[in-house]
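Okay, structure first, notes after.
The values are calculated or read from the model by the stated rules, or taken from the named source; none is laboratory data. Keep in mind that this is a model prediction, so the values were computed, not measured. Because the Cβ atoms are built from the backbone with ideal geometry, glycine has one as well, and the counts that use them run over all protein chains shown.
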Amino acid sequence: MNSWKLPGTKKKEAKEAAAAAAAAAAAAVSSSTHSTYLSPTTTPSSMATGSTSSKSTAQSSILTKHSVTTVDSATTVSSPRTSTSSSSSSFEPHSGVLLIRVCDAQGLTVPPQVQLPQPPPAQPLPNQRNRDSLTRKQHWWLPYVVLEFDKNEILIDGLGGDTQNPIYQYRAHFDVSRSSDVSISIYLRPSPETKDSISNNHSATTKHADYFLGGVKLQPNFDSTRLDDQVLQIVGGTGMMHVQLCYKRQQQAQPIAFDSFDLLRVIGRGSFGKVYVVRKKDTNRIYAMKVLRKSRIISRSEVTHTMAEKTVLAKIRNPFIVPLKFAFQSPDKLYLVLAFINGGELFHHLQVEGRFDEERSRFYTAELLSALECLHDFNVVYRDLKPENILIDYNGHIALCDFGLCKLNMKENERTNTFCGTPEYLAPELLLGQGYSKVVDWWTLGVLLYEMMTGLPPFYDENTNEMYRKILQDELRFPDDISDDAQSLLRGLLTRDPEERLGSNGSADIKNHPFFAKHIDWRLLLQKKVQPPFKPSVENAYDTTNFDEEFTSEAPLESLVDESQISKTMQEQFAGFTYNPANDGVLSESYIGTGAVPGAGVGGGRHDSGHGGSINSNSSVANHHRW
């Protein structure tokens, strides 16, 4: 499974067939229903797809998901929608470097039922440059911390001390391009005996493999360059954490280019280019770099989507959306640099476990709801929500990525007619060709919640034509173990008439539904103070074990472009691509004449993994993948 998205390739015939199938299904339903929406009726019975053989076949078929797009056109509708306040920050610091030293923790308390790992005998250390790293590895039994700033995460092992009072003395540099909290979460690895017990018991969940001991959050002071020495009370546990911060503002704008990074590993590949894990040379921070060839973007008419993706990520500030760090270009290529979220994609974890329990499904859906709400506040409709577009970070929070199919400037009184998305997730109004608004995202959220709780989308069928018919006509059925509150929420989100759909009058109606209202504190959730129910296994900041070996085994070499020079007229289509925080985050032209003026920014990308693509009838590209 590959979580970094590049556009893959699909034959034009497949694209046209998908669009034609939707048109045929819509026409058939239109002739029998006079274009009126059918309300799905819920039948609380066991689903036929719940059998082992059907589930296995269907899950294997999910691997071949692909998605669809036509040219956008906007029309005015009479009923406006209410919008909630934006979660973006009003203050952004100047570009610079934030130095963070995690010193130590004191007074940690381990849950009484936890069997403490036994420290191994001390081993002599070789006199090498990586002595510090070897020392930390020998202290694996001590509590470790996950340090995060602006979605860049570092796993820090202890250097000494004991379980209650670990010593870290670890210093890290972070690139500053926007305001963000510093988060430090503390975990304890289970003893080898406990790990063996969990792995040998297939029915036991692995979500408590590492024990959460608490954490701290603090806001750096970007108005001062003095050392900020703090001892903070640990929340969610006991004890204190000693942390030091120092912000150094960049005095002179330094251009960022391809040579500013070391290539470490390939994690994605598609018809437009590759995605690499890279290390920024001056700060040693690990990022994902998406490299796209301009000529191929132009030939496939993907300039608008590529620019829209970068624009959205440059503007949005949300804890559950992959942040933009750097964006720049050369005469032949575009470069997008993103936070490397390496806990794996939701699709991967859903495949491994089959389905999630209600608590975990609710948690992911709530964080996604917050992300979509933020996008809608910026008049952006996402249009391609699915498990393949959702990543999980070190701590278990989600990160929404791949904004290649989003639609900008979608005000409350506007519709668009673009035929795009993933077949299993297409909303009825899209299939009927009657235009749609932001409310289309609430349908896809309902489909995603249903798939997380049951293992399959609600109207799934291996035959695409039949699946479209089911989306438009079939009853909504639930397995017996789905709670009443979950069924009620799903009925609301999967209402076929968008005017009657839950969320049509604003996201507050969804947030106030009993499924969430009984369990979720939205203020704490947005502050990432709600502990995730699952934490993925990640070794370090550049761990790629959650990605497909087809890509990670490839040598990280950037290819030379042996193509004719792109004309000045074509180059002008990419004007404004550069996101350069060194120039106070100004979006500017990046290519002038024969040279490139590099900048910086993170964005979503695409890769070709053979599944999860988005139907795009505006070009010959039919697959859109993770980054």
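Numbers at a glance
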quantity: Hits in segment 341-377 (condition: more than 25 Å from K518 (Cα to Cα), under 12 Å from the mean Cα position of the chain (by Cα) and not hydrophobic (A, V, I, L, M, F, W, C)); calculated: N342, G343, G344, E345
quantity: Members of segment 488-504 that are surrounded by 19 or more Cβ atoms within 10 Å (Cβ to Cβ) and either in contact with a Leu (Cβ under 9 Å, 6 or more places away or on another chain) or of a type in the set (D, E) (or both); calculated: L489, L490, G492, L493, L494, T495, R496, R501, L502, G503
quantity: Qualifying residue in segment 215-225 (condition: in contact with a Pro (Cβ under 9 Å, 6 or more places away or on another chain), farther than 30 Å from M410 by Cβ and touching a residue at least 12 places away in the same chain (Cβ under 8 Å)); calculated: yes
quantity: Condition check for L313: at pLDDT 85 or above and crowded, with 17+ Cβ neighbours inside 10 Å; calculated: no
quantity: Residue, surrounded by the most Cβ atoms within 10 Å (Cβ to Cβ), within segment 505-520, restricted to residues that are of a type in the set (D, E, K, R) and under 15 Å from S361 (Cα atoms); calculated: K511
quantity: Any hit, segment 328-335, residues being of a type in the set (A, V, I, L, M), out of contact with any Cys (no Cβ under 6 Å at 6 or more places or on another chain) and either at pLDDT below 90 or closer than 28 Å to S183 by Cα (or both); calculated: no
quantity: Selection count where residues are surrounded by 13 or more Cβ atoms within 10 Å (Cβ to Cβ) and not in a strand (DSSP E or B), scope segment 217-253; calculated: 10
quantity: From F403, F459, residue being in contact with a helix residue (DSSP H, G or I) (Cβ under 7 Å, 6 or more places away or on another chain), at pLDDT below 90 and not β-branched (V, I, T); calculated: F403
quantity: In segment 408-420, residue surrounded by the fewest Cβ atoms within 10 Å (Cβ to Cβ) [restricted to those that are at pLDDT 85 or above and either of a type in the set (A, V, I, L, M) or within 20 Å of L448 (Cα to Cα) (or both)]; calculated: L408
quantity: Helices (runs of 4 or more DSSP H) lying entirely in segment 256-367 (those with 1 or more residues that are in contact with a Gly (Cβ under 7 Å, 6 or more places away or on another chain) and in contact (Cβ under 8 Å) with a residue 60 or more places away in the chain); calculated: 303-315, 346-353
quantity: Residue that is farthest from S537 (Cα to Cα), among those in segment 385-396 that are under 12 Å from the mean Cα position of the chain (by Cα) and not in a strand (DSSP E or B); calculated: L385
quantity: The lone exception for A399 - which of (1) within 20 Å of the chain's Cα centre (by Cα); (2) in contact (Cβ under 8 Å) with a residue 60 or more places away in the chain; (3) in a helix (DSSP H, G or I) it fails; calculated: (3)
quantity: Restricting segment 145-193 to residues that are of a type in the set (A, V, I, L, M, F, W, C) and out of contact with any Asp or Glu (no Cβ under 9 Å at 6 or more places or on another chain), the residue that is surrounded by the fewest Cβ atoms within 10 Å (Cβ to Cβ); calculated: A172
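The rows are residues; the columns are (1) crowded, with 24+ Cβ neighbours inside 10 Å; (2) among the aromatic types (F, W, Y); (3) in contact with a Ser or Thr (Cβ under 9 Å, 6 or more places away or on another chain).
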position: N379; (1), (2), (3): no, no, yes
position: N395; (1), (2), (3): no, no, yes
position: A399; (1), (2), (3): yes, no, no
position: Y425; (1), (2), (3): yes, yes, yes
position: Y468; (1), (2), (3): yes, yes, no
position: D474; (1), (2), (3): no, no, no
